[in-house]
Amino acid sequence: ITGGRGLTGDKVILDEAFALKPSHVGSLLPTMMAREDAQVLYGSSAGKADSDILRDVRDRGRAGSSKRMTYVEWLAPKRDCADLECRHPKDGSAVGCALDDQELWRRANPTLSTGRITMERIEDMRQELPPDEFARECLGWWDEPGAAESFFGLGKWEDCELEPADPPTEAL
């Protein structure tokens with residue numbers, strides 16, 4: 001993508017940074033090198049498995065390895081659900097469902113204390129969103145690369161291969 005090449009500004013806000021690709025930042029960030037006090041802000045929900053740019057920002061921020069970076073992240077501690085695939089009813093009645101744990105909701109959503117977000121709205125999201133989307137959007141849980149591969153990754157598909165069956169010899 002080359003649409004941002006040559007455009008610049010003193011402050012650039014990259015919203016939904018989970019979707020950023022190398023070509024996006026490669027088009028934009030070099031134009032800011034000559035700007036005095038240029039600032040780039042990344043805003044996003046938790047990353048998906050292919051959110052390489054945001055994951056790099058997260059990892060540098062958590063490590064404190066970029067001396068001019070400020071990094072802030074709100075998320076709940078990750079906890080496995082009693083049902084690993086979380087197929088619980090979405091009405092809050094399942095015992096041991098991590099996604100229904102309102103203490104985790106509070107830890108990931110500090111604006112609950114100001115009233116900007118309400119418990120009722122999070123309950124609505126729990127009803128509407130698939131479990132993995134709710135975990136990302138409302139608890140701040142990242143999809144990590146390779147997580148799906150551990151179940152059905154490289155070589156495992158090939159291991160399921162069977163010899164082809166003989167074709168029927170009679171017309172049906």
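FRET efficiency for the pair residue 35 and residue 62, taken as 1/(1 + (r/R0)^6) with r the Cβ-Cβ distance and R0 = 30 Å, rounds to 0.65. Can you work out the FRET efficiency for the pair residue 73 and residue 95, with r the C-beta to C-beta distance and R0 = 25 Å, to the nearest 0.05? Result of the calculation: an efficiency of 0.25.
Under 27 Å of direct C-alpha separation, and excluding same-chain neighbours fewer than eight residues apart, residue 21 reaches these lysines: 11, 48, 67, 78. Computed from phi, the 3J(HN,Hα) profile of segment 42-59 under the Karplus parametrisation 6.51, -1.76, 1.60 (θ = phi - 60°) reads 9, x, 5, 7, 4, x, 8, 4, 9, 7, 4, 5, 5, 4, 4, 4, 4, 5 Hz, with x in place of Gly and Pro.
For segment 1-101, chymotrypsin sites (Phe, Trp or Tyr not before Pro) are listed when DSSP marks them as loop and at most 13 other Cβ atoms sit within 10 Å of their Cβ; the list is 74. When a 1.4 Å probe is rolled over the protein heavy atoms, the share of accessible surface on segment 15-122 that falls to carbon and sulfur comes to 51 percent. The mean accessible area for residues of segment 11-89, using a 1.4 Å probe and ignoring ligands and nucleic acids, is 67 Å² per residue.
Summarising the overall dimensions of segment 1-87 from its C-alpha atoms, the Rg and Dmax are 15.8, 53 angstrom. Relative contact order, whole percent, for segment 86-137 stands at 35, derived from Cα pairs under 8 Å and 6 or more residues apart.
The values are calculated or read from the model by the stated rules, or taken from the named source; none is laboratory data. Given the structure is predicted, the values throughout are model-derived calculations rather than measurements. Here Cβ is always computed from backbone atoms with ideal geometry, including for glycine, and neighbour counts include all displayed protein chains. Only protein heavy atoms, including side chains, enter the accessible area calculation; ligands, DNA and RNA are left aside. Shrake-Rupley method; radii C 1.70, N 1.55, O 1.52, S 1.80 Å.
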